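Below: one structure, written as C-alpha coordinates.
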Amino acid sequence: MTQFFAGLGQKSFRASQVMKWIHQRGVLQFDDMTNLSRSLRDELSVVADVSLPEIISDQISTDGTRKWLLRIDKMNAIEMVFIPEDHRGTLCISSQAGCKLDCAFCATGKQGYSRDLSTAEIVGQLWLAKFLLAEQYQTDDRIVSNIVFMGMGEPLLNFDNVIPAMHIMQDDFSFGLSRRRITLSTAGIVPAIDRLKEQCPVSLAVSLHAPNNELRDSIVPLNKKYPIQVLLDACRRYVSDSPRARVTFEYVMLQEVNDAPEQAKQLAEILADVPAKINLIPFNPFKGSTFKRSSNNRIYRFRDFLHSQGLIATIRKTRGDDIDAACGQLAGMVTDRTRRSQRYLKGHSQ
Ligand code: SAH
(Lines give C-alpha, C1' and ligand atoms only; values in the text may rest on other atoms or scores of the structure.)
Protein backbone atom coordinates (compact mmCIF):
# COMPACT_ATOMS: atom_id res chain seq x y z
CA MET A 1 0.00 0.00 0.00
CA THR A 2 2.88 2.34 0.82
CA GLN A 3 4.39 1.54 -2.57
CA PHE A 4 1.08 2.16 -4.24
CA PHE A 5 0.86 5.63 -2.71
CA ALA A 6 4.50 6.35 -3.54
CA GLY A 7 3.59 5.58 -7.14
CA LEU A 8 0.94 8.30 -6.95
CA GLY A 9 3.53 10.71 -5.54
CA GLN A 10 1.94 10.56 -2.07
CA LYS A 11 3.47 10.33 1.40
CA SER A 12 3.58 6.91 3.03
CA PHE A 13 1.15 7.80 5.86
CA ARG A 14 -1.65 7.79 3.26
CA ALA A 15 -1.30 4.01 3.26
CA SER A 16 -2.09 3.69 6.96
CA GLN A 17 -4.96 6.18 6.66
CA VAL A 18 -6.61 4.18 3.91
CA MET A 19 -5.98 0.85 5.67
CA LYS A 20 -7.75 2.22 8.75
CA TRP A 21 -10.69 3.51 6.75
CA ILE A 22 -11.21 0.20 5.03
CA HIS A 23 -10.42 -2.36 7.70
CA GLN A 24 -11.18 -0.59 10.96
CA ARG A 25 -14.05 1.69 10.03
CA GLY A 26 -15.48 -0.38 7.22
CA VAL A 27 -15.55 2.49 4.75
CA LEU A 28 -15.28 1.32 1.14
CA GLN A 29 -15.98 4.55 -0.78
CA PHE A 30 -12.94 6.78 -1.27
CA ASP A 31 -15.31 9.73 -1.27
CA ASP A 32 -16.13 9.10 2.40
CA MET A 33 -12.47 9.04 3.50
CA THR A 34 -12.63 12.56 4.81
CA ASN A 35 -9.03 13.03 5.94
CA LEU A 36 -7.81 12.65 2.34
CA SER A 37 -7.77 15.71 0.09
CA ARG A 38 -10.57 16.07 -2.41
CA SER A 39 -8.15 15.65 -5.32
CA LEU A 40 -6.65 12.46 -3.87
CA ARG A 41 -10.11 11.00 -3.28
CA ASP A 42 -11.03 11.74 -6.88
CA GLU A 43 -7.82 10.21 -8.15
CA LEU A 44 -8.30 7.04 -6.06
CA SER A 45 -11.82 6.59 -7.37
CA VAL A 46 -10.35 6.39 -10.85
CA VAL A 47 -7.24 4.26 -10.28
CA ALA A 48 -8.36 1.95 -7.47
CA ASP A 49 -11.28 -0.19 -6.51
CA VAL A 50 -12.35 -1.67 -3.20
CA SER A 51 -14.63 -4.62 -3.73
CA LEU A 52 -15.92 -7.54 -1.71
CA PRO A 53 -17.06 -11.06 -2.45
CA GLU A 54 -20.82 -11.08 -3.00
CA ILE A 55 -23.01 -12.93 -0.49
CA ILE A 56 -25.07 -15.70 -2.09
CA SER A 57 -26.37 -17.20 1.14
CA ASP A 58 -26.03 -16.61 4.86
CA GLN A 59 -27.24 -19.27 7.31
CA ILE A 60 -27.17 -19.52 11.08
CA SER A 61 -27.13 -22.96 12.74
CA THR A 62 -29.10 -23.82 15.88
CA ASP A 63 -25.76 -23.84 17.75
CA GLY A 64 -24.88 -20.30 16.59
CA THR A 65 -22.44 -21.32 13.85
CA ARG A 66 -22.90 -19.07 10.84
CA LYS A 67 -22.02 -20.04 7.28
CA TRP A 68 -21.78 -17.90 4.18
CA LEU A 69 -21.57 -18.84 0.54
CA LEU A 70 -19.61 -16.12 -1.25
CA ARG A 71 -19.45 -15.53 -4.97
CA ILE A 72 -15.94 -14.62 -6.13
CA ASP A 73 -16.61 -14.66 -9.89
CA LYS A 74 -19.19 -15.91 -12.37
CA MET A 75 -18.02 -19.51 -12.09
CA ASN A 76 -16.95 -19.92 -8.49
CA ALA A 77 -18.19 -19.53 -4.95
CA ILE A 78 -16.44 -20.32 -1.68
CA GLU A 79 -17.66 -21.03 1.83
CA MET A 80 -16.76 -19.35 5.10
CA VAL A 81 -17.83 -20.31 8.63
CA PHE A 82 -17.92 -18.45 11.95
CA ILE A 83 -17.86 -20.53 15.13
CA PRO A 84 -18.75 -18.66 18.34
CA GLU A 85 -17.47 -20.10 21.62
CA ASP A 86 -17.49 -18.79 25.18
CA HIS A 87 -14.20 -16.93 25.11
CA ARG A 88 -13.41 -16.73 21.44
CA GLY A 89 -14.88 -16.52 17.98
CA THR A 90 -13.18 -18.45 15.21
CA LEU A 91 -13.52 -17.61 11.55
CA CYS A 92 -12.79 -20.45 9.15
CA ILE A 93 -11.78 -19.10 5.75
CA SER A 94 -10.99 -20.46 2.30
CA SER A 95 -7.77 -20.01 0.33
CA GLN A 96 -8.69 -21.58 -3.03
CA ALA A 97 -11.80 -22.31 -5.07
CA GLY A 98 -11.69 -26.09 -4.86
CA CYS A 99 -8.53 -28.04 -4.05
CA LYS A 100 -5.90 -30.00 -5.96
CA LEU A 101 -5.12 -32.51 -3.24
CA ASP A 102 -8.09 -34.90 -3.41
CA CYS A 103 -8.00 -36.30 0.13
CA ALA A 104 -10.34 -39.30 0.17
CA PHE A 105 -12.67 -38.03 2.93
CA CYS A 106 -12.98 -34.34 1.94
CA ALA A 107 -15.95 -32.77 0.12
CA THR A 108 -13.87 -29.91 -1.31
CA GLY A 109 -11.39 -32.40 -2.81
CA LYS A 110 -14.17 -34.17 -4.64
CA GLN A 111 -15.08 -30.95 -6.42
CA GLY A 112 -11.71 -30.57 -8.07
CA TYR A 113 -9.76 -27.34 -8.33
CA SER A 114 -10.62 -24.11 -10.05
CA ARG A 115 -8.28 -21.33 -8.98
CA ASP A 116 -6.33 -19.61 -6.23
CA LEU A 117 -7.98 -16.78 -4.31
CA SER A 118 -6.31 -13.38 -4.51
CA THR A 119 -5.02 -11.66 -1.38
CA ALA A 120 -8.04 -9.34 -1.59
CA GLU A 121 -10.46 -12.27 -1.75
CA ILE A 122 -8.85 -13.82 1.33
CA VAL A 123 -8.80 -10.61 3.39
CA GLY A 124 -12.26 -9.73 2.05
CA GLN A 125 -13.66 -12.74 3.89
CA LEU A 126 -12.46 -11.40 7.24
CA TRP A 127 -13.71 -7.92 6.38
CA LEU A 128 -17.21 -9.22 5.60
CA ALA A 129 -17.37 -11.39 8.70
CA LYS A 130 -16.13 -8.62 10.97
CA PHE A 131 -18.77 -6.12 9.91
CA LEU A 132 -21.67 -8.58 9.53
CA LEU A 133 -20.96 -10.06 12.96
CA ALA A 134 -20.79 -6.57 14.50
CA GLU A 135 -24.36 -6.09 13.24
CA GLN A 136 -25.51 -9.49 14.46
CA TYR A 137 -23.98 -9.14 17.92
CA GLN A 138 -24.57 -5.37 18.17
CA THR A 139 -21.07 -4.63 19.41
CA ASP A 140 -17.81 -3.16 18.17
CA ASP A 141 -15.84 -5.53 20.38
CA ARG A 142 -13.60 -7.97 18.62
CA ILE A 143 -15.90 -10.84 17.70
CA VAL A 144 -13.52 -12.65 15.37
CA SER A 145 -10.64 -13.42 17.72
CA ASN A 146 -9.11 -16.31 15.76
CA ILE A 147 -8.67 -17.19 12.12
CA VAL A 148 -8.21 -20.70 10.78
CA PHE A 149 -7.35 -21.54 7.17
CA MET A 150 -9.50 -24.65 7.32
CA GLY A 151 -12.08 -23.79 4.69
CA MET A 152 -11.71 -24.73 1.06
CA GLY A 153 -8.28 -25.20 -0.47
CA GLU A 154 -4.66 -25.87 0.48
CA PRO A 155 -3.26 -22.55 1.73
CA LEU A 156 0.37 -23.49 1.15
CA LEU A 157 -0.35 -24.07 -2.55
CA ASN A 158 -1.45 -20.43 -2.71
CA PHE A 159 1.53 -19.17 -0.76
CA ASP A 160 2.09 -15.88 -2.57
CA ASN A 161 -1.43 -14.64 -1.88
CA VAL A 162 -1.95 -16.20 1.55
CA ILE A 163 1.20 -14.68 3.12
CA PRO A 164 0.31 -11.02 2.38
CA ALA A 165 -3.27 -11.75 3.51
CA MET A 166 -1.96 -13.00 6.86
CA HIS A 167 0.28 -9.94 7.17
CA ILE A 168 -2.72 -7.66 6.65
CA MET A 169 -4.69 -9.59 9.28
CA GLN A 170 -1.87 -8.90 11.75
CA ASP A 171 -1.32 -5.27 10.79
CA ASP A 172 -2.11 -2.74 13.54
CA PHE A 173 -3.72 -0.45 10.97
CA SER A 174 -6.15 -3.16 9.96
CA PHE A 175 -7.26 -6.13 12.08
CA GLY A 176 -4.34 -6.34 14.53
CA LEU A 177 -4.62 -10.07 15.19
CA SER A 178 -1.63 -11.67 16.87
CA ARG A 179 0.16 -14.32 14.84
CA ARG A 180 -0.70 -17.06 17.32
CA ARG A 181 -4.38 -16.44 16.72
CA ILE A 182 -4.01 -17.27 13.05
CA THR A 183 -3.79 -20.99 12.28
CA LEU A 184 -2.73 -22.23 8.90
CA SER A 185 -3.81 -25.80 8.25
CA THR A 186 -1.92 -27.81 5.64
CA ALA A 187 -1.90 -31.34 4.32
CA GLY A 188 1.91 -31.03 4.42
CA ILE A 189 3.61 -29.14 1.59
CA VAL A 190 7.04 -29.56 3.17
CA PRO A 191 9.16 -26.88 1.40
CA ALA A 192 6.39 -24.33 1.97
CA ILE A 193 6.33 -25.11 5.72
CA ASP A 194 9.96 -23.93 5.90
CA ARG A 195 9.16 -20.79 3.91
CA LEU A 196 6.20 -20.10 6.16
CA LYS A 197 8.48 -20.16 9.18
CA GLU A 198 10.74 -17.55 7.56
CA GLN A 199 8.04 -15.27 6.24
CA CYS A 200 5.05 -15.50 8.56
CA PRO A 201 5.36 -17.87 11.53
CA VAL A 202 1.70 -18.29 12.48
CA SER A 203 0.28 -21.30 14.36
CA LEU A 204 0.61 -24.46 12.30
CA ALA A 205 -1.89 -27.30 11.98
CA VAL A 206 -1.02 -30.37 9.94
CA SER A 207 -3.57 -32.82 8.55
CA LEU A 208 -1.93 -36.10 9.48
CA HIS A 209 -4.91 -38.50 9.60
CA ALA A 210 -2.84 -41.71 9.53
CA PRO A 211 0.04 -43.14 11.58
CA ASN A 212 1.91 -44.88 8.74
CA ASN A 213 2.77 -44.18 5.11
CA GLU A 214 0.79 -47.03 3.64
CA LEU A 215 -2.50 -45.78 5.05
CA ARG A 216 -1.69 -42.10 4.60
CA ASP A 217 -0.79 -42.66 0.94
CA SER A 218 -4.29 -43.98 0.42
CA ILE A 219 -6.27 -41.20 2.13
CA VAL A 220 -3.98 -38.16 1.71
CA PRO A 221 -2.37 -38.68 -1.72
CA LEU A 222 0.11 -35.83 -1.08
CA ASN A 223 1.87 -38.25 1.27
CA LYS A 224 3.45 -39.98 -1.73
CA LYS A 225 5.36 -36.77 -2.37
CA TYR A 226 6.13 -35.83 1.25
CA PRO A 227 6.01 -38.95 3.43
CA ILE A 228 5.39 -38.88 7.16
CA GLN A 229 8.99 -38.73 8.42
CA VAL A 230 9.88 -35.91 6.02
CA LEU A 231 6.75 -34.05 7.13
CA LEU A 232 7.45 -34.56 10.83
CA ASP A 233 11.02 -33.28 10.36
CA ALA A 234 9.56 -30.10 8.84
CA CYS A 235 7.18 -29.82 11.84
CA ARG A 236 10.08 -30.13 14.28
CA ARG A 237 11.97 -27.41 12.40
CA TYR A 238 8.87 -25.19 12.43
CA VAL A 239 8.71 -25.02 16.23
CA SER A 240 12.43 -25.44 16.93
CA ASP A 241 12.95 -21.77 17.93
CA SER A 242 10.00 -21.51 20.30
CA PRO A 243 10.29 -23.78 23.29
CA ARG A 244 6.59 -23.63 24.15
CA ALA A 245 5.14 -23.88 20.63
CA ARG A 246 3.44 -27.03 19.39
CA VAL A 247 2.20 -28.18 16.04
CA THR A 248 -1.45 -29.25 16.01
CA PHE A 249 -1.99 -32.56 14.25
CA GLU A 250 -5.44 -33.07 12.84
CA TYR A 251 -6.64 -36.64 12.72
CA VAL A 252 -10.03 -37.35 11.17
CA MET A 253 -11.70 -40.31 12.87
CA LEU A 254 -12.80 -42.79 10.19
CA GLN A 255 -14.50 -45.91 11.49
CA GLU A 256 -12.32 -48.99 11.02
CA VAL A 257 -9.91 -47.13 8.76
CA ASN A 258 -7.58 -45.27 11.12
CA ASP A 259 -9.19 -45.56 14.56
CA ALA A 260 -7.97 -48.93 15.93
CA PRO A 261 -5.98 -49.21 19.20
CA GLU A 262 -2.94 -50.39 17.24
CA GLN A 263 -3.10 -47.21 15.17
CA ALA A 264 -3.29 -45.06 18.30
CA LYS A 265 -0.13 -46.83 19.43
CA GLN A 266 1.65 -46.13 16.14
CA LEU A 267 0.54 -42.50 16.28
CA ALA A 268 1.93 -42.11 19.80
CA GLU A 269 5.22 -43.61 18.63
CA ILE A 270 5.71 -41.34 15.63
CA LEU A 271 4.77 -38.23 17.62
CA ALA A 272 6.78 -39.11 20.73
CA ASP A 273 9.57 -36.68 19.82
CA VAL A 274 7.51 -33.95 18.14
CA PRO A 275 6.11 -30.99 20.13
CA ALA A 276 2.54 -31.91 19.29
CA LYS A 277 -1.11 -31.41 20.13
CA ILE A 278 -3.49 -33.89 18.55
CA ASN A 279 -6.94 -32.82 17.49
CA LEU A 280 -9.26 -35.74 16.74
CA ILE A 281 -11.95 -34.72 14.27
CA PRO A 282 -15.04 -36.94 14.06
CA PHE A 283 -15.53 -37.52 10.33
CA ASN A 284 -18.32 -35.39 8.87
CA PRO A 285 -20.15 -37.24 6.13
CA PHE A 286 -21.22 -35.55 2.91
CA LYS A 287 -23.20 -36.64 -0.11
CA GLY A 288 -21.47 -39.51 -1.87
CA SER A 289 -18.84 -40.16 0.84
CA THR A 290 -18.20 -43.79 1.67
CA PHE A 291 -16.48 -43.43 5.06
CA LYS A 292 -18.25 -43.67 8.40
CA ARG A 293 -17.67 -41.57 11.48
CA SER A 294 -15.97 -43.54 14.26
CA SER A 295 -18.27 -44.38 17.15
CA ASN A 296 -17.86 -42.23 20.26
CA ASN A 297 -16.49 -45.24 22.10
CA ARG A 298 -13.71 -45.73 19.58
CA ILE A 299 -12.90 -42.01 19.61
CA TYR A 300 -12.70 -41.91 23.44
CA ARG A 301 -10.54 -45.05 23.54
CA PHE A 302 -8.21 -43.58 20.94
CA ARG A 303 -7.91 -40.32 22.88
CA ASP A 304 -7.47 -42.05 26.23
CA PHE A 305 -4.65 -44.15 24.84
CA LEU A 306 -2.87 -41.03 23.55
CA HIS A 307 -3.30 -39.45 27.00
CA SER A 308 -1.84 -42.55 28.64
CA GLN A 309 1.28 -42.01 26.51
CA GLY A 310 1.60 -38.44 27.77
CA LEU A 311 0.32 -36.79 24.59
CA ILE A 312 -2.06 -33.85 24.44
CA ALA A 313 -5.19 -34.90 22.58
CA THR A 314 -8.59 -33.27 22.23
CA ILE A 315 -11.75 -34.18 20.35
CA ARG A 316 -13.10 -31.49 18.07
CA LYS A 317 -16.68 -30.65 18.81
CA THR A 318 -18.75 -30.84 15.67
CA ARG A 319 -20.54 -27.57 15.04
CA GLY A 320 -22.97 -26.38 12.43
CA ASP A 321 -23.74 -29.79 10.98
CA ASP A 322 -27.41 -28.86 10.46
CA ILE A 323 -26.24 -26.31 7.88
CA ASP A 324 -23.44 -28.47 6.40
CA ALA A 325 -20.86 -26.17 7.94
CA ALA A 326 -18.80 -28.85 9.68
CA CYS A 327 -15.16 -29.63 8.83
CA GLY A 328 -14.70 -31.06 5.38
CA GLN A 329 -18.25 -30.33 4.26
CA LEU A 330 -17.51 -27.03 2.60
CA ALA A 331 -18.40 -27.38 -1.04
CA GLY A 332 -19.13 -23.97 -2.49
CA MET A 333 -19.51 -23.87 -6.23
CA VAL A 334 -16.43 -24.64 -8.25
CA THR A 335 -15.81 -24.79 -11.96
CA ASP A 336 -13.58 -27.81 -11.89
CA ARG A 337 -10.51 -27.34 -14.07
CA THR A 338 -9.12 -30.70 -13.06
CA ARG A 339 -12.34 -32.52 -14.11
CA ARG A 340 -12.01 -34.55 -10.96
CA SER A 341 -15.64 -34.06 -9.99
CA GLN A 342 -16.76 -35.74 -13.22
CA ARG A 343 -14.60 -38.78 -12.56
CA TYR A 344 -15.85 -38.91 -8.98
CA LEU A 345 -19.52 -38.73 -9.92
CA LYS A 346 -19.00 -41.38 -12.62
CA GLY A 347 -17.35 -43.69 -10.12
CA HIS A 348 -20.34 -43.30 -7.82
CA SER A 349 -23.07 -43.94 -10.35
CA GLN A 350 -21.59 -47.32 -11.28
N1 SAH B 1 -5.89 -28.15 2.92
C2 SAH B 1 -5.82 -27.85 4.33
C3 SAH B 1 -7.11 -27.28 4.88
C4 SAH B 1 -8.21 -28.31 4.74
S5 SAH B 1 -9.63 -28.33 5.71
C6 SAH B 1 -5.45 -29.13 5.08
O7 SAH B 1 -5.41 -30.18 4.47
O8 SAH B 1 -5.18 -29.06 6.27
C9 SAH B 1 -9.24 -28.49 7.38
C10 SAH B 1 -9.31 -29.87 8.00
O11 SAH B 1 -10.56 -30.57 7.80
C12 SAH B 1 -8.22 -30.77 7.47
O13 SAH B 1 -7.58 -31.40 8.54
C14 SAH B 1 -9.02 -31.77 6.68
O15 SAH B 1 -8.31 -32.96 6.49
C16 SAH B 1 -10.26 -31.93 7.52
N17 SAH B 1 -11.37 -32.59 6.84
C18 SAH B 1 -11.58 -32.68 5.50
N19 SAH B 1 -12.70 -33.37 5.25
C20 SAH B 1 -13.23 -33.73 6.43
C21 SAH B 1 -14.42 -34.43 6.81
N22 SAH B 1 -15.27 -34.88 5.91
N23 SAH B 1 -14.66 -34.60 8.13
C24 SAH B 1 -13.80 -34.10 9.05
N25 SAH B 1 -12.68 -33.41 8.75
C26 SAH B 1 -12.39 -33.23 7.46
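The values are calculated or read from the model by the stated rules, or taken from the named source; none is laboratory data. Owing to the predicted nature of the structure, the values given are computational and were not obtained by experimental measurement. Don't worry about glycine lacking a Cβ; one is built from the backbone with ideal geometry, like all the others, and counts go over all protein chains shown. Remember, those area values only see protein heavy atoms, side chains included, never the ligands or the DNA or RNA. Shrake-Rupley method; radii C 1.70, N 1.55, O 1.52, S 1.80 Å.
Just a few scattered comments:
- With respect to the chain, whose longest principal axis is taken over its alpha-carbon atoms, helix 159-170 is tilted by about 70°.
- Residue-normalised accessible area of the chain, given per residue in Å² at a 1.4 Å probe: 48 Å²
- Pairs of C-alpha atoms in the chain farther apart than 34 Å represent 27 percent of all such pairs.
- The chain: angle of helix 190-199 to the longest principal axis, Cα-based, in degrees nearest 10: 40 degrees
- The region of the chain that goes longest without hitting one of the GluC sites (Glu not before Pro) in a DSSP loop, each with at most 14 other Cβ atoms within 10 Å, is 86-255.
- Nearest-0.05 FRET efficiency for residue 145 and residue 11, computed from C-beta distance (R0 41 Å): 0.75
- Inter-label distance for residue 118 and residue 236, nm, one decimal - labels placed 7 Å from Cα along Cα-to-Cβ: 4.3 nm
- Equivalent ellipsoid semi-axes - Cα gyration tensor, segment 1-50, angstrom: 15, 13, 10
- The antiparallel fraction among DSSP beta bridges confined to the chain stands at about 45%.
- Within the chain, helix-based [θ] at 222 nm, where runs of 4 or more DSSP H residues each add -39,500 (n - 2.57), nearest 500: -10000 deg cm²/dmol
- Longest segment of the chain lacking trypsin sites (Lys or Arg not before Pro) that sit in a DSSP loop with at most 12 other Cβ atoms within 10 Å: 75-224
- Nitroxide proxy distance, nm - points 7 Å out along Cα→Cβ at residue 300 and residue 172: 5.0 nm
- Filter on 74/287; 110/277; 130/317; 74/317; 74/197 - keep pairs with C-alpha separation over 30 Å: 74/317; 74/197
- Descending Cα extents along the principal axes, segment 191-350, whole Å: 50, 40, 31
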